[in-house]
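For reference, the structure discussed in these notes is given below.
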Amino acid sequence: MQILTTAAGLHAYTEQARQAGHRVGLVPTMGALHAGHLQLVQAARAECNEVIASIFVNPTQFNNAEDFRLYPRVPEADAALLAPAGCTALFVPSVAEMYSQTTVLRFDFGALERVMEGAHRPGHFSGVATVVSKLFHLACPHRAYFGQKDWQQVAIVKQLVADLSFDLEIVACPTIREADGLAMSSRNRRLDAPARAAAPLLYQVLQTAAAQVRRGVPPAQVQAIAEASIAQEPLFTVEYMAVADAQTLQPLTDYGAGRAVVLCLAAHLGGVRLIDNVVVEA
Ligand code: PAF
């Protein structure tokens, strides 16, 4: 696995791969890798001859300096996981390499980002779109792989690709869970023992909510029950629970037959912010 640290190095690598007729897959990450990331690498490996993973804790997508500071960084352990998973090149740029000058460009994804993560983390998706655009320009991938745990991020990135005519395909891979249902996340490693023990409640509440959606329980009631269930665990503070259209992400007041509904939950647990979602047919 080749380690690349400069934008020029990445661009040259991918140019060469494309000239050799290789299909290039890109797996953008912020590191602290887990089985969910490795699944993205494996999915890319199954479809592409070149698999480039990036590890970059992107400052422009954090609206909370403490969250950025505490984001786990374990570059050596990450690199050791990537090669056996099928990664052919790893891009690990510095902040100065990715942002040689202060970025003034701001993205606005309209209604797609006025809800959920976008509403609670102002500027977050502008930062995501900035760094993802840079990575797309530098790596010129045929396909880029993202996890469905970040459901709204996938919708935003698809919109970005359509709006800016990036010539690539976005592949969304299912959420990978621990045996007790907790969605894998780099942030999980910051949970202390009591918080880790309480954490599976998030997915349990979502599963109960999904069953209620299937039974036709109105969205407002599903939301209220979920929030109350989380509030019963004193370690948790709910940030939001959304019952939304899976494509438009807009909150629902009722269900149309056969409509795909996404249930998204964000909560703070022992100082760590966790998100999860499930998709269900109403
Ligand atoms: O999902 C993430 O880890 C990040 O938002 C991404 C896509 C790597 C952009 O920094």
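The values are calculated or read from the model by the stated rules, or taken from the named source; none is laboratory data. Just so you know, these numbers come straight off a predicted model, no measurement behind them. Counting neighbours? That spans all protein chains shown, and the Cβs are built from the backbone with ideal geometry, glycine included.
Can you name the residue in the range 104-157 that is of a type in the set (D, E, K, R) and either touching a Leu at 6+ places or on another chain (Cβ under 7 Å) or near the ligand (Cβ under 9 Å from one of its atoms) (or both) and, of all such residues, is nearest to residue 206 (Cα to Cα)?
To start, the set of residues in the range 104-157 that are of a type in the set (D, E, K, R) comprises 106, 108, 113-114, 117, 121, 134, 143, 149-150.
Applying the additional criterion that residues be either touching a Leu at 6+ places or on another chain (Cβ under 7 Å) or near the ligand (Cβ under 9 Å from one of its atoms) (or both) yields 143, 149-150.
Values: 143: 30, 149: 13, 150: 15 Å.
Looking at residues that are of a type in the set (D, E, K, R) and either touching a Leu at 6+ places or on another chain (Cβ under 7 Å) or near the ligand (Cβ under 9 Å from one of its atoms) (or both), I get 149.
From the residues in the range 158-177 that are among the β-branched types (Val, Ile, Thr) and closer than 19 Å to residue 203 by Cβ, which one is farthest from the chain's Cα centre (by Cα)?
176
From the list 121, 177, which one is closer than 24 Å to residue 68 by Cβ, modelled with pLDDT of 95 or more and among the basic types (Lys, Arg)?
So the residue among 121, 177 that is closer than 24 Å to residue 68 by Cβ, modelled with pLDDT of 95 or more and among the basic types (Lys, Arg) is 121.
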> Which of the residues belonging to the range 130-180 are touching a residue at least 24 places away in the same chain (Cβ under 8 Å) and part of a loop (DSSP other than H, G, I, E, B)?
Replying inline: 140, 141, 142, 164, 166, 168, 174, 175, 176
> How about the range 2-61: which of its residues are assigned to a loop (DSSP other than H, G, I, E, B), at negative phi and away from the ligand (no atom under 16 Å from the Cβ)?
Replying inline: 5, 6, 20, 22, 23, 48, 49
>> Going through 70, 82 one at a time, which residue ends up being touching a residue at least 60 places away in the same chain (Cβ under 8 Å), surrounded by fewer than 18 Cβ atoms within 10 Å (Cβ to Cβ) and away from the ligand (no atom under 13 Å from the Cβ)?
In response: 70
